[in-house]
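Read the structure below first, then the notes.
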Amino acid sequence: DPEILVLFRVILSDDDRYEVRTAATGYDAGLVTEQFRPHLIVLDYMLPDINGNRVCETIRQNGELANTRIIVVSGVVNREEVDDLLRCGADEFIKKPFNVDHLLKRIETLLTA
């Protein structure tokens, strides 16, 4: 969602602790992840070309990204899908619409854990 990408860029770029990269598709996210090696990824479950489970599995299979934290956000997921995302390697699930302050606290917590 382009609006969510803008929101993430604005709220995270305001904090000089974070260097932010965004991607609109799973393919683009894979390219950015390979080049940038993020400490944390905020991932939408329903990407236009792939679902969050596959992205989590791919990240977890890459030893160089073993310590990358993953927060999945979505508004269209049931409990079984959330459990599956966590099994596939997500560290956290946050339901849309989400509270920005809560998201920022979860990001900070995961990055300092």
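Values as computed for the structure displayed
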| item | result |
| --- | --- |
| Of all residues in the stretch 88-105 being under 15 Å from Leu43 (Cα atoms) and open to solvent by 60 Å² or more (accessible area, probe 1.4 Å), the one that is modelled with the highest pLDDT | Lys95 |
| Leu43 being over 22 Å from Phe93 (Cβ atoms), aliphatic (A, V, I, L, M) and free of Cβ contacts under 8 Å to residues at least 60 places away in the same chain | no |
| Wholly enclosed helices (runs of 4 or more DSSP H) of the stretch 1-85 bearing at least 2 residues under 19 Å from Val100 (Cβ atoms) and open to solvent by 70 Å² or more (accessible area, probe 1.4 Å) | 2-13 |
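The values are calculated or read from the model by the stated rules, or taken from the named source; none is laboratory data. As the structure is a computational prediction, the values presented were derived from the model and not from experiment. Don't worry about glycine lacking a Cβ; one is built from the backbone with ideal geometry, like all the others, and counts go over all protein chains shown. Side chains are part of the model used for accessible areas, which takes the heavy atoms of the whole protein and leaves out ligands, DNA and RNA. Shrake-Rupley method; radii C 1.70, N 1.55, O 1.52, S 1.80 Å.
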